[in-house]
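*Asks:* Here it is, the structure, as structure tokens.
The values are calculated or read from the model by the stated rules, or taken from the named source; none is laboratory data. Please read these numbers as outputs of a predicted model, since none were measured by experiment. Because the Cβ atoms are built from the backbone with ideal geometry, glycine has one as well, and the counts that use them run over all protein chains shown.
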Amino acid sequence: MTFSMSALPGVGRPLRLSPVTHLERMYALDEARNARDWNTFDAYHDQSDVVVYWPGRESTPTRGGPDHRAESERFCAAFPDNKVKHPYDILFGDGEYTAFVTDALTPIREDRSW
């Protein structure tokens, strides 16, 4: 499923203008992830073209929007304080593709009950 930019929801409260470039779209997508706004997270993905390469799992990337969302929800459930750090350490795009490198910030709880 593909959404036109005019149909994409804003992120957060109050709503803001939809992103214009793919780089802005990537940032807005991660804002939605940080807010655990999964419907907006889905809206900013081209569901068929999602490929996520994780360190140590380069040979078995996550493919497709539904699998990426499910993986993200499980990760956020395991680490509820986790946020994608902005600004990104590296962010670039070309045409329809974007890529970034950043740290996922997760405070270590004193009791380490995770």
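*Asks:* What are the residues in region 18-50 that are surrounded by 12 or more Cβ atoms within 10 Å (Cβ to Cβ) and of a type in the set (A, V, I, L, M, F, W, C), if any?
*Replies:* Passing the criteria: L23, M26, A28, L29, A32, A35, W38, F41, A43, V50.
*Asks:* Which one is farthest from W38 (Cα to Cα) among residues in region 48-91 that are assigned to a strand (DSSP E or B) and touching a residue at least 40 places away in the same chain (Cβ under 8 Å)?
*Replies:* Among those that are assigned to a strand (DSSP E or B) and touching a residue at least 40 places away in the same chain (Cβ under 8 Å), it is L91.
*Asks:* Continuing with the same structure: I need the full set of residues from region 21-50 which are among the aliphatic types (A, V, I, L, M) and closer than 18 Å to P80 by Cβ, in order please.
*Replies:* A32, A35
*Asks:* Right, here's the next one. Filter region 92-109 for residues that are at pLDDT below 75, over 15 Å from the mean Cα position of the chain (by Cα) and outside any loop (DSSP other than H, G, I, E, B) and give the result.
*Replies:* Matches in region 92-109: none.
*Asks:* Name every residue in region 51-74 that is of a type outside the set (A, V, I, L, M), within 18 Å of T40 (Cα to Cα) and out of contact with any Ser or Thr (no Cβ under 8 Å at 6 or more places or on another chain), in order of residue number.
*Replies:* Across region 51-74, the qualifying residues are P66, D67, R69, S72, E73, R74.
*Asks:* Let me confirm something: among D89, D94, D67, which residue is surrounded by 11 or more Cβ atoms within 10 Å (Cβ to Cβ) and on the phi < 0 side of the Ramachandran plot?
*Replies:* On the way: D89 fails: surrounded by 11 or more Cβ atoms within 10 Å (Cβ to Cβ); D94 fails: surrounded by 11 or more Cβ atoms within 10 Å (Cβ to Cβ).
D67 is the lone residue from the list that is surrounded by 11 or more Cβ atoms within 10 Å (Cβ to Cβ) and on the phi < 0 side of the Ramachandran plot.
*Asks:* How about region 28-68: which of its residues are within 12 Å of the chain's Cα centre (by Cα) and among the small types (G, A, S)?
*Replies:* A28, A32, A35, A43, G65
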